[in-house]
Amino acid sequence: MESKLNRLADGVLKRDIRALSRALSIVEDRRASSLELLKTLYPRAGHARVIGVTGSPGAGKSTLVNALIGRFRAEGLRVAVVAVDPSSAFSGGALLGDRVRMQDKALDPGVFIRSMATRGHMGGLAQASDDLITVLDAAGYDVILVETVGVGQDEVDIVKEADSVIVVLVPGLGDDIQAIKAGIMEIADVFVINKADREGVERLEREILAMLDLAAQAPSWRPPVIRTVATREEGVNELFSALSSHKDFISTAGVLAQRRREKQRQRFWSLLEEGFRREVRKRRLSLEREENLVQAFERRDDDPYSAAEELLSSFCGDGDPRGEGWKIGHVGVAVSDMEAASRFYEDAGLMRAEDEVVEEQKARVTFFPVGESRIELLESTDPSGPVGKFIAKKGPGLHHICIQVPDIEAALARLSSKGYDLIDRHPRPGAGGTRVAFIHPRATGGVLLELCEAAGHSR
Ligand SMILES: Nc1nc2c(ncn2[C@@H]2O[C@H](COP(=O)(O)OP(=O)(O)O)[C@@H](O)[C@H]2O)c(=O)[nH]1
Ligand SMILES: [Mg+2]
């Protein structure tokens with residue numbers, strides 16, 4: 001499995017088209033191996049220049065991207081396209097609107113076109129597109145063009161993660177600034193007025209410039225406004241130069257490094273959040289429990305504030321949910337006949353370690369180490385002692401379990417804050433420099449629980 005994945009990653013790095021397509025599908029569908037693949041490829045990425053192209057449907061984004069591909073190819077750069085537009089004219093590497101020219105480009109090994117579904121992405125569309133970009137980046141594409149329709153928040157989120165963002169507008173759509181999401185104008189690094197062969201170019205340009213004048217006070221980068229006729233590749237050189245200037249600007253002003261840093265930070269958090277949700281569901285919040293809680297909220301028997309706080313502290317509080325640093329110190333078994341019971345454990349292959357009399361318990365104790373913990377057999381030396389009383393009342397059997405904790409005071413404080421019945425509110429000295437405390441069987445499910453902190457715990 002692993003070597004298969006390595007071969008796939010190798011194929012991606014060598015820009016083997018079939019391997020690349022497979023890897024992209026694995027990553028897009030978030031199949032089981034996708035994280036392993038991304039872990040392998042991530043260190044190899046980080047070189048590509050990512051350019052987002054957004055605007056309303058039919059604005060000419062695909063046509064413009066097509067023209068830009070040619071321009072970047074002329075510079076000897078390898079270009080990949082991610083089209084996140086369900087209606088995009090790119091499909092399977094062919095641009096339907098312009099088959100002949102696109103077929104040239106589809107045959108060009110320096111060009112790779114991929115469309116991405118807009119639905120059903122675990123962890124969100126922006127994350128999925130970002131993962132695709134990582135794969136293409138690792139595959140050595142110098143420029144990655146990401147086309148999205150600028151109508152939904154998801155699409156805006158995708159495109160704003162690009163190094164440079166082109167917002168494509170068309171004249172003659174009325175005085176509103178196009179059928180695009182509010183907020184998209186603010187993320188533009190370059191404005192394109194495409195279909196400049198149509199009426200209304202000046203008016204649209206005036207509107208954009210007026211908006212830019214209103215927007216930021218003394219912006220360090222003022223987005224240029226470029227007119228293009230994408231179908232005739234007019235204005236594409238100007239757009240290319242505008243992109244180059246923007247690239248220089250963000251590189252020298254440190255904006256690029258900062259954007260990328262923020263992007264990685266967000267990426268990290270979104271993976272953490274996704275993982276946290278999954279773990280909470282798995283370990284603490286079954287659908288059924290969630291439903292019960294919600295109903296309790298509805299009845300006002302419980303409130304979401306406390307429930308969330310409790311769940312969180314049970315998850316990330318002072319006690320690690322997996323009990324890391326905790327272990328079973330020993331299991332105490334009350335016996336009525338020490339020799340007979342010991343024989344069994346010896347016959348089972350354990351080593352009888354030592355015997356001692358514990359005055360406090362009025363009992364003789366025999367130890368059998370079991371890995372890092374041990375079994376302690378307790379035989380009463382006096383019927384009035386705790387072990388003697390235990391045997392008289394319940395007969396021989398499990399007497400107590402000792403859990404060794406890294407910090408006994410913290411463990412006791414936690415239990416006491418939750419109102420549990422502690423026999424010892426504070427630790428007392430135990431054998432061999434340990435500190436111990438007992439918790440009543442009422443609280444623990446019927447067994448006496450001893451907490452123990454090993455000797456030499458620094459405090
Ligand atoms: N008149 C004119 N039509 C264009 C121009 N650019 C693109 N188109 C046409 O507009 C339509 C939509 O283009 P397309 O690139 O698919 O738009 P997208 O949805 O934004 O990707 C196609 O029929 C293109 O041929 C242009 O500059 N002028
Ligand atoms: Mg398109």
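The values are calculated or read from the model by the stated rules, or taken from the named source; none is laboratory data. Keep in mind it's a predicted model, so treat the numbers as computed, not measured. Cβ sites come from the backbone with ideal geometry, for glycine too, and all protein chains shown count toward neighbours.
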Failed item, numbered, when Gly419 is tested on (1) loosely packed, with under 12 Cβ neighbours inside 10 Å; (2) on the phi < 0 side of the Ramachandran plot: (2)
Any hit, region 139-158, residues being part of a strand (DSSP E or B), of a type outside the set (A, V, I, L, M, F, W, C) and modelled with pLDDT of 90 or more: yes
Residue match in region 335-350 (condition: in contact (Cβ under 8 Å) with a residue 60 or more places away in the chain and among the hydrophobic types (A, V, I, L, M, F, W, C)): yes
Answer residue from region 41-72, given it is surrounded by fewer than 20 Cβ atoms within 10 Å (Cβ to Cβ) and in a helix (DSSP H, G or I) and is farthest from ligand 1 (Cβ to nearest atom) among those: Pro43
Qualifying positions in region 224-239 - at negative phi and near ligand 1 (Cβ under 9 Å from one of its atoms): Thr228, Val229, Ala230, Thr231, Arg232, Glu234
Segments classed as helices (runs of 4 or more DSSP H), wholly inside region 370-459, with at least 1 members that are more than 42 Å from the chain's Cα centre (by Cα), in the same structural domain as Val357 (by TED's automatic domain parsing) and touching a residue at least 24 places away in the same chain (Cβ under 8 Å): 386-394
Where a residue in region 187-209 is of a type in the set (S, T, N, Q) and at pLDDT 95 or above and its partner, wherever it lies, is in a loop (DSSP other than H, G, I, E, B) and buried (at least 17 other Cβ atoms within 10 Å of the Cβ), with Cβ under 8 Å and at least six apart: Asn194/Ala59; Asn194/Gly60; Asn194/Val170; Asn194/Thr228
Subset of region 202-214 (residues that are crowded, with 17+ Cβ neighbours inside 10 Å and of a type outside the set (Asp, Glu)): Leu204, Ile208, Leu212
Region 265-286 residues that are assigned by TED's automatic domain parsing to the domain that holds Glu310, paired with ones that are surrounded by fewer than 14 Cβ atoms within 10 Å (Cβ to Cβ) and part of a helix (DSSP H, G or I) (beta carbon under 7 Å, 6 or more apart): Arg284/Ser314
Qualifying residue in region 161-170 (condition: out of contact with any Cys (no Cβ under 8 Å at 6 or more places or on another chain), assigned to a loop (DSSP other than H, G, I, E, B), modelled with pLDDT of 85 or more and within 15 Å of ligand 1 (Cβ to nearest atom)): yes
Conditions (1) closer than 30 Å to Asn292 by Cβ; (2) among the charged types (D, E, K, R); (3) modelled with pLDDT under 90: number failed by Asp303: (3)
